[in-house]
1. Looking at (1) within 28 Å of B:T304 (Cβ to Cβ); (2) more than 10 Å from every other protein chain (Cβ to nearest Cβ); (3) not hydroxyl-bearing (S, T, Y), which is the only condition B:L47 fails?
2. Give the number of residues within segment B:155-164 that are open to solvent by less than 10 Å² (accessible area, probe 1.4 Å) and either more than 7 Å from chain A (Cβ to nearest Cβ) or closer than 10 Å to B:L70 by Cβ (or both).
3. Which one of these is open to solvent by 40 Å² or more (accessible area, probe 1.4 Å) and within 14 Å of chain D (Cβ to nearest Cβ): A:L298, A:L243, A:L237?
4. Testing B:N289 on (1) over 13 Å from the mean Cα position of the chain (by Cα); (2) within 13 Å of chain A (Cβ to nearest Cβ); (3) modelled with pLDDT of 90 or more; (4) open to solvent by 20 Å² or more (accessible area, probe 1.4 Å), one condition comes back false. Which one is that?
5. Taking the residues in segment A:114-125 that are more than 8 Å from chain D (Cβ to nearest Cβ) and open to solvent by 30 Å² or more (accessible area, probe 1.4 Å) as candidates, determine which candidate is modelled with the highest pLDDT.
6. So A:G98 clears everything in (1) part of a loop (DSSP other than H, G, I, E, B); (2) of a type in the set (G, A, S); (3) free of Cβ contacts under 8 Å to residues at least 12 places away in the same chain except one condition, right? Which one?
7. Please name all residue pairs, on different chains or six or more residues apart, with Cβ atoms under 6 Å, provided the first residue is in segment B:312-324 and is facing another protein chain (nearest Cβ under 10 Å) and the second residue is of a type in the set (S, T, Y).
Amino acid sequence: MPLRSFAFWLGLLLCALALPTAASLRDDINRLGDVSNDTRGEVLQDILASDHPGVEALFDAYGRGALYLDRRNGTVVQGERKGARYELRDPLTGDELGVAGRRDVRRLRVDNNLREELDTLLALRQLGTGDPDARVAAIRAVVAAPTSGSAAALQARIAQEADLTVREELEVAIGVLALAGEDIDVIRRSLPLLAGRTDIITRGALATLSQRADVPKELKRQAQKLMTRAEEKLRWLARIEALFFGLSLGSVLLLSAIGLAITFGVMGVINMAHGELIMLGAYTTWVLQQVLPGSPGLALVLAIPAAFLVSGLVGLVIERSVIRFLYGRPLETLLATFGVSLVLQQAVRSIFSPLNRSVVTPSWLSGSWELLPGLALTYNRLAILVFSLAVFAALLALMRYTRLGLQVRAVSQNRAMARALGVRSHRVDALTFALGSGVAGVAGVALSQLTNVGPNLGQSYIIDSFLVVVFGGVGNLWGTLVAAFSLGVFSKLLEPATGAVLAKILVLLGLILFLQSRPQGLFPRRGRDGGT
Amino acid sequence: MKWIAIPPDRAGRVTVLVLVAAAVLVPLASFLPADSALGLSSYTVSLLGKYLCFAMLALALDLIWGYAGLLSLGHGAFFALGGYAMGMYLMRQIGDRGVYGNPELPDFMVFLDWQSLPWYWWGFDSVYFALAMVLLIPGILALVFGWLAFRSRVSGVYFSIMTQSLTFALMLAFFRNEMGFGGNNGLTDFKDIVGVSLQSPQTRAGLFAVTALLLALIYLGCRVLLETRLGRVLIALRDDEARVRFLGYSVASFKLVVFVLSAMIAGVAGALYVPQVGIINPGEFQPLNSIEIAIWVAVGGRGTLHGAMLGALVIALAETILTGSLPELWLFALGGVFLAVTLFLPRGLMGLRSTS
Amino acid sequence: MSSVLDTDHGVILYLENLSVSFSGFKALNELTLSVDDGELRCLIGPNGAGKTTLMDVITGRTRPDSGRAYLGQRIDLLQEDEATIARLGIGRKFQKPSVFPCLSVRENLGLSIAGNRSPWQAMRYRASAAERERLDELLVTSGLADERDRAAADLSHGQKQWLEIGMLLAQEPRLLLIDEPVAGMTPQEVERTAQLLRSLVPERSVVVVEHDMAFVRSIARRVTVLHEGAVLMEGSMDDVQADARVREVYLGESC
Amino acid sequence: MRSRSTLRILVSRIAALAITALAFLTSSTMAQTGEPIRVGVLHSVSGTMAISETTLKDTVLMLVEQQNARGGLLGRPLEAVVVDPASDWPLFAEKARELLVRDQVDVVFGCWTSVSRKSVLPVFEELDGLLFYPVQYEGEESSKNVFYTGAAPNQQAIPAVDYLMAQGIERWVLAGTDYVYPRTTNKILQAYLASKGVAEDDIFVSYTPFGHSDWQSIVAEIKRFGGTGRATAVVSTVNGDANVPFYKELANQGVNASDIPVVAFSVGEEELSGIDTAPLVGHLAAWNYFMSVESDANYDFIDAWLAYIGDEDRVTNDPMEAHYIGFNMWAKAVEKAGTTAAPAVQDAIIGVSVPNLSGGMATMLPNHHISKPVLIGEILDDGQFQVVFETPEPIEGDAWSDYLPGSRDLQADWTAPRHCGNYHTVEQRCLAGDTD
């Protein structure tokens, strides 16, 4: 059987090589401009069979909706909208074909069904090419949307596949496809292959099988059992996943609060503009991505120091122009910095428009890392978790081992004594505030990967940030860390039972109650003056 | 007219005089044709009524911030709760005139398929019950929150942050439709108050007069209260809390009394605000609103009740003007005012007056 | 309330094995001390010896980790908060003058006059004739009769210190704790303060913390030296100054 | 006597101060040349809703300008009066009163959120003004004074679900922000799906707060719900800022449009311009208009808009089309009635038909809603939508849903003789409330 289908494919390949000429490929492409759903498959097959190197790019453009019918001459071209005009290119070669007005072109209709069709066609083609990961992806794509030839193609591939993991994937894929088939024996043989698999496709195939009327009871029961076992495994994985979600939320809280842990915690400045400093960091990311249009990833990495500088500088200006006149008057600082926050918000609105800006997620931060089938941790969350810990460690080291850190601690504990010892306390104040602000900016870079970059970004984090710092114990960096992660995990454990809204309310009320009984937070700073 | 002389200073007498005069003259002017020299349109009357509610709210905050040194950044919560209590009464007044003609349930409950009126809506058919709730709900919340906070000596910025979290939590809660307060839309489409139509110019004029007179009364009451030993203790508390404690005063109970009182005044302001603007919704719980109250007080001048009221009027009027003509500048202006007042006018407009 | 204060055995303050530590640092270390009724006692000791912490413990501001503290025979000070302790009869003067700057001298004293301290009473309070008389008397005692209507903020440093002592007296305490009363005073003011303090005993008991040795010598019969959170020695000023250990502790300290 | 005159001076001064302050605002609009027809614009240009509403304000201004270029209406020029309710709901009521009482406008185009409409509704009814409301909403309302040119649930949600059912979807996630529009829409959809034989276990409802940013758990739950092997779709009534983190999380957790498509009712071209669209490709939206609609009317509209706003990268969207339709309907009705007086326009406008931008005609119905086609679009990489389905006939907007028990029997009809926003067809009477 594998041999026979191999011959079939070989034959197909030969036909493909022999028949189409460049001219007929063009015709096929132009036929896409006016083709019904029923015949489209054939046209696509023909185009694929031409084996032209530009086909993949063509299919990709088609799937993205970038193919247009040029109404002036009836040809199909690739187009890109630039304002009111469209820049046209040859879909195969990429040669420029001039510009067209809105009325000159019509987009070739694409939808999810077509995209799936294109993906499958390309996947079949890629079964034998690329690295093992790409082959696995191709196999999955084939199984996700099987066509009549899929099983045969997979069978043909398995004989040649050398890589063990890919081979296993192929076997499972063939098994999954077999479950949908008529042959009871094949089904019986395939079922054991699927034991332990938790992915959606397998479970879907099992579920369909267990519903079928034309299958013996005993097979259905076996499928049922496999499903139950998979579900049990998934439940466990869900618990691990929930923990990860909690830690991830905690890392966001940590990032948004950690700058405040410096300005508020160490210096005692109530900085209501903290959220806006985060926002500035996020906008810095956006600006850098505009400056470096082709490489969003590089822009993101560069944004980390850039945002630190931008927010740090703004923080420095705020400290020098406002806060330094208000030391020892915390409530006045609160009001004044709130004024600053309004001004910053409106400034951003006036400069960048009130609309949200779109920060691109680089490809290496998209998607997820599949730890186990059924347990995948998203890269962006994972990266932010690691990043938050790195920022924390850096700050901790800075406070503990550097001269500035020493001076900051000295000034915050006994300003007069520190000054007597020659510490220039004003300079330390300014630098500390700039440091806390800069860290807020860095947090903004990370948050731009998770949420909207808009003028209101800061507002949504300010209350949480203060609560985290107060909950952890003012002046205690470790407290901030513990507070952020415990709040994150706690919210995420509550959420399934109560829903997101109630979970948030309960966490807030719980915090208020906790702080009423222990106003000093989890790790109070105990000193001679009793702290307050 | 001797009772007017109770506030010993001129500013106090002028404040009361202006309010009483407004209570009489604004309603009168509203019945003159709107285009005559002294005539006021219904729009202006509601606008002035709204300003007075804000002034009352500012007064409430000044009582605890200016005198007892407690900066609540959640006073909007008490205002909103008073407003909701009044709103619930106004909803019950609609009766079967809602769009579904259901005599039992407000419209928003009908179309979300509620079967019966939740228990916490019981009693709001009665105006007396509603008025009691206007005072009691903010009062009890302040009592519980204050008792917890003051007992464990939460003060200063911690108190501010916590009150802010409180109003934030309440906002989220009231946004939930399952709470039974109309969710995001809140309560609206009111028809009558104590049996008379809310839309009639007489009612509008009456509401304005009641607001102005109540504000004058509350102002007087607060002035009298602050002249007593209680008032002295509050000022002492603001300036040196430890000393007061070592004099043997139970600081917590003094704070609690004035906090509850202030919350109730805020509740009354909210209750008067709702029928005049015609809607109450969870947006009133926004932390931003509460911070704005602090700005009114800071602009007018802390520790002088009339200063706080003046601050509220000035800012509200400026907001009306600026959001109309230069909306983009409004936040710049407001932010600038925050900065300027804290940096250059620590005693607000009142400070300006006493130094010149 | 002060009726429960029972000094039958002649002791007004009894502290036993008090320990307080702040993140590892022992501010008080098994300190034991007693003060007799009607005594004027001075506490001296180098910086960090635990003098202020000791006052904090007595007045309820700091809770000790262990130990006992009694006022008279029966009142357990560790069970009460600051306000109650103040009402029980302990008055405290802080190192920095602590008066209410926005209130007048009269009002400052008026607030301090013993009486019911509840908010409800405060709302209806009207000064009785006796209380007004007492107020005038206090104004004279603290030497501020001419300043009665001035805001406390406008007083000189010394006047603020006297006002604070006057406020303490208005509370009618049995025991006064006074932290560095003469720091920053002119010699004349120091002399007047010494007189004032001497006039308080023996109706009241007074504990004074002071660095100014001349001043201590001028008022105290008994002096307690604290060092590293414990009592180093106790005796007359002469004994103290003759003691080798004390000198060693103070070496480098200017006195 | 003396004190009384001081009082009078005081009060008149205060009143005069307030009046001059308020008059200052609109001094420019008070010009009396040629008795212009005043068109009020009640859209927030500051605050949280400015993101969406500023565009609508500009749209109305453009329409007014175009109308003036055509010679105005009834031989009179049009004059726009813009106020800013600043995304503050009570302020909406105040500004509506300002427009109707002080500026004496003849018609108002405005509001976006339901709560802002609810806030101004009593004002319009009291002062008998006209309001054109351009945004899709939950229905359950019909006022004599309001014309609803956005979609009612049966013009958006139900056709979208029908389309997905035709695509083979069997399990449904109804994900929404916790406020009235999603709650009502989901109630209607639940009833509708049940009527189509969908089991209760195959529907999963989830609500989140405004601006929700942490979607990890909910997306994981959606994945689990959709992981049974039966085709699943998400019907999203998630509002505003919460959409970006929602779609990002979907993409990162590997939920693609081919596995679990999401159909949204409040994500349009304008919203997409603030989102990285790459991971969204293939997800759907249901509207009555897309910028990508291929018709000459649409091309003209887009060209005019880009020229007016002076920025070639701007987009058009559904609520803009609603204003376009509403404005033209009003203009036509005014011409038909020969006056701008509210009662005459209310009578004249019913039955008026104007072209919509997707090529057909929109008609004002007796229930003050309009008939228009429903389009389903799939998101493309460039932030535009590919129309994948269009109802063959225009759908008539329903004021009262057929799928809610409380409103099934209600009907709105503002033509004579019924003149009623909530006529009960069983009890055969007009329920109290909206009658005059």
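1. Of everything listed in (1) within 28 Å of B:T304 (Cβ to Cβ); (2) more than 10 Å from every other protein chain (Cβ to nearest Cβ); (3) not hydroxyl-bearing (S, T, Y), B:L47 misses just condition (2).
2. 3
3. A:L243
4. Going through (1) over 13 Å from the mean Cα position of the chain (by Cα); (2) within 13 Å of chain A (Cβ to nearest Cβ); (3) modelled with pLDDT of 90 or more; (4) open to solvent by 20 Å² or more (accessible area, probe 1.4 Å) one by one, B:N289 breaks only (1).
5. Taking the candidates together, the pick is A:E117.
6. Condition (1) is where A:G98 drops out.
7. B:L313/B:Y51
Results for (1) open to solvent by 10 Å² or more (accessible area, probe 1.4 Å); (2) touching a His at 6+ places or on another chain (Cβ under 6 Å); (3) β-branched (V, I, T), shown as yes or no for each residue.
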residue: D:G129; (1), (2), (3): no, no, no
residue: D:K144; (1), (2), (3): yes, no, no
residue: D:I158; (1), (2), (3): yes, no, yes
residue: D:W172; (1), (2), (3): no, no, no
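The values are calculated or read from the model by the stated rules, or taken from the named source; none is laboratory data. These numbers come from a predicted model, not from an experiment. Reconstructed Cβ throughout: ideal geometry from the backbone, glycine too, with neighbour counts over all protein chains shown. In case anyone asks, the SASA skips ligands and DNA or RNA and just uses the protein heavy atoms, side chains included. Shrake-Rupley method; radii C 1.70, N 1.55, O 1.52, S 1.80 Å.
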